[in-house]
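Quick notes on the structure that follows.
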Amino acid sequence: MCTVIIRVPESAEEPTRVLAIRDEDPSRPWNPLGRWWPEAHEATVGVRDVRAGGAWLAADPDTGRLAVLLNRADISDRPESELRSRGAIVLDSVAGRSPAGDPGTHGFNLVEVDGARARVLSWDGQNLRTTDLAPGTHMIAHEDVDDPATARITAWLEPFRATAVGDDERWWTPWVTLLEETTNLESTDDRAIIRDNRPFGYPTLSLLACVASVNSDDIDLRYGELREPGHWGGLDLS
């Protein structure tokens, strides 16, 4: 149940800003931000899932493309043996190959950023939909974009919209300050962004975050891990 906050600019001359928080089972190993796919995706940098080899978030700074994957419930009854890993979709997307038709995976929301443009591709196991993101600030979790039925979006979308990001190299500071404010809620609260999902039947907790400033020919991408899964102890983005 990851969360993405994204600000799409009015002008193509301005960067798209992204804050992505990853929820995952802490026992599932991952590699931090790096170049983990030198043969098939030489220019790609991202957060790698060790078990399946794909990415949760990835970017190609040379092309200004970034993609991040959020799990979504699906209505497919396809057996596990016929499904492929969702992480491969992220790498394909950054390489310019967006999912189409039947992706052959469990459900997902895929956030795609291409310079000043952004969209979300949503797959529920039967239908693949595309939502182009208008200029402004949006939130995505495990359902639809800016979904009013998702408690964390109802609670925090307007505060993120009202929080101006900076123009300097630490532009994300106001957003991270607001993210810290959200942790006044218990991590099991439906409104929480930094989460402990175990009481809801999922073995996942918030583990890390990335921020990205995306231009058409460059991406400034930073990574930081929470000191304790599911709890706020500061976030050193480097």
- Query: What trypsin sites (Lys or Arg not before Pro) in region 35-70 are in a loop by DSSP, with at most 15 other Cβ atoms within 10 Å of the Cβ?
  - Reply: Arg35, Arg51
- Task: Calculate for the chain the 222 nm mean residue ellipticity that helices alone would give, adding -39,500 (n - 2.57) per DSSP H run of length 4 or more and normalising by residue count, nearest 500 deg cm²/dmol.
- Result: -3500 deg cm²/dmol
- Query: Among all stretches of the chain without exposed GluC sites (Glu not before Pro) (DSSP loop, at most 14 other Cβ atoms within 10 Å), which one is longest?
  - Reply: 43-168
- Query: Spin-label point model (7 Å from Cα, Cβ direction): what's the Glu228 to Phe200 distance in nm?
  - Reply: 2.2
- Task: List the pair-distance distribution P(r) of the chain, using every Cα-Cα distance, as the percent of pairs falling in each 5 Å bin from 0 up to the bin containing the longest distance, rounded to whole percents.
- Result: 1, 7, 15, 20, 22, 19, 12, 5, 1, 0
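What shape does region 46-144 have by the C-alpha gyration tensor, where a ≥ b ≥ c are the square roots of the eigenvalues, rounded means a/c under 1.5, and otherwise prolate means a/b greater than b/c and oblate the rest?
Working: a/c = 1.96, a/b = 1.28, b/c = 1.53.
Note, shape of region 46-144 comes out oblate.
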- Message: Which trypsin sites (Lys or Arg not before Pro) in region 155-238 sit in a loop by DSSP (not H, G, I, E or B) and have at most 11 other Cβ atoms within 10 Å of their own Cβ?
- Response: Arg227
- Integer Hz, Karplus 6.51/-1.76/1.60 couplings in order for region 104-111, x for Gly and Pro: x, 10, 5, x, 7, 10, 10, 8
- Message: Quick check on region 1-42: take the gyration tensor over C-alpha atoms, sort the square-rooted eigenvalues as a ≥ b ≥ c, and tell me if it's rounded (a/c under 1.5), prolate or oblate.
- Response: oblate
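Quick note: the coordinates plus some simple rules give every number you see, no bench work behind them. Model, not experiment: these values are computed from the prediction. Here Cβ is always computed from backbone atoms with ideal geometry, including for glycine, and neighbour counts include all displayed protein chains.
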